Amino acid sequence: MNLPNKITLARIFLIPFFIVVLMTRGFGGVPTLYSDIAAAVIFAAAALTDGVDGYLARKNNQVTDLGKFLDPIADKLLIASALICLVELQRIPAYMAIIIIAREFIVTGLRIVAISNGVVMAAEMTGKIKTVIQIFATVITLLFPSVMIGKITLGYLVMLIATLFTIYSGYVYLSKNWDMVINSK
């Protein structure tokens, strides 16, 4: 197994640690400030490995089928885990998590249809930007759970932006590839 794939696996293995640290309750059933900070650090470190593994794989000509398979799964598991925890902690509403996770299922399904038709769908720039916005929004929501902007929390605001951009990104994927969906075998 090459280094980029090991880094991708490390991202997957960090997810349970992130969840345990974030969901560890302090007195009164409320996560402690330290658990929020530690969870944000673990999440950010895991998220950073996404760029590192891809860069190393391309730079060292170590792109593998295993890496192509594991990398998007690791990304989706990390984001979905964080969103579900944030819903459980009542920092974001469930509809945001549902929309973001649903977009991932839809695009993954579209990629499966493409592969079955012999087409490899390249990653769209909007998808990459979406991922960065989601990571940023998650870290902000973890670090500043009670900062208010008017009548809403900062976390809600940044996650709303992430949700809206996620919808836009999904629209871009679908609109560019709709013919393939309609004409699939």
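The values are calculated or read from the model by the stated rules, or taken from the named source; none is laboratory data. Keep in mind it's a predicted model, so treat the numbers as computed, not measured. No Cβ is skipped: glycine too gets one built from the backbone with ideal geometry, and neighbour counts run over all protein chains shown. Just the protein is used for accessible areas: all its heavy atoms, side chains included, with ligands, DNA and RNA removed. Shrake-Rupley method; radii C 1.70, N 1.55, O 1.52, S 1.80 Å.
For Ala94, state whether it is within 17 Å of the chain's Cα centre (by Cα) and over 25 Å from Met180 (Cβ atoms).
Values: within 17 Å of the chain's Cα centre (by Cα): yes; over 25 Å from Met180 (Cβ atoms): yes.
So Ala94 fits the description; yes.
Checking Val119 against (1) in contact (Cβ under 8 Å) with a residue 60 or more places away in the chain; (2) of a type in the set (Val, Ile, Thr); (3) in contact with a Lys or Arg (Cβ under 7 Å, 6 or more places away or on another chain), which single condition isn't satisfied?
Result: Val119 fails condition (3) only.
Any residue that is closer than 20 Å to Glu88 by Cβ and either under 14 Å from the mean Cα position of the chain (by Cα) or among the polar types (S, T, N, Q) (or both) - is there at least one of those in the range 118-134?
Within the range 118-134, one or more residues are closer than 20 Å to Glu88 by Cβ and either under 14 Å from the mean Cα position of the chain (by Cα) or among the polar types (S, T, N, Q) (or both).
Taking the condition of being among the hydrophobic types (A, V, I, L, M, F, W, C) and either touching a Cys at 6+ places or on another chain (Cβ under 9 Å) or within 17 Å of Lys68 (Cβ to Cβ) (or both), how many residues in the range 94-141 meet it?
Total satisfying the criteria: 11.
Quick check: is even one residue across the range 143-157 within 30 Å of Val41 (Cα to Cα), within 15 Å of the chain's Cα centre (by Cα) and not charged (D, E, K, R)?
no
Could you please give the count of residues in the range 61-73 that are outside any helix (DSSP H, G or I) and at negative phi?
Number satisfying all stated conditions: 3.
Just give me the residues in the range 30-55 being modelled with pLDDT under 90, over 26 Å from Asp71 (Cβ atoms), part of a helix (DSSP H, G or I) and open to solvent by 40 Å² or more (accessible area, probe 1.4 Å), in sequence order.
Passing the criteria: Leu33, Tyr34.
Among the candidates Tyr173, Tyr156, single out the residue that is farther than 16 Å from Gly109 by Cα and in contact with a Lys or Arg (Cβ under 9 Å, 6 or more places away or on another chain).
Tyr156
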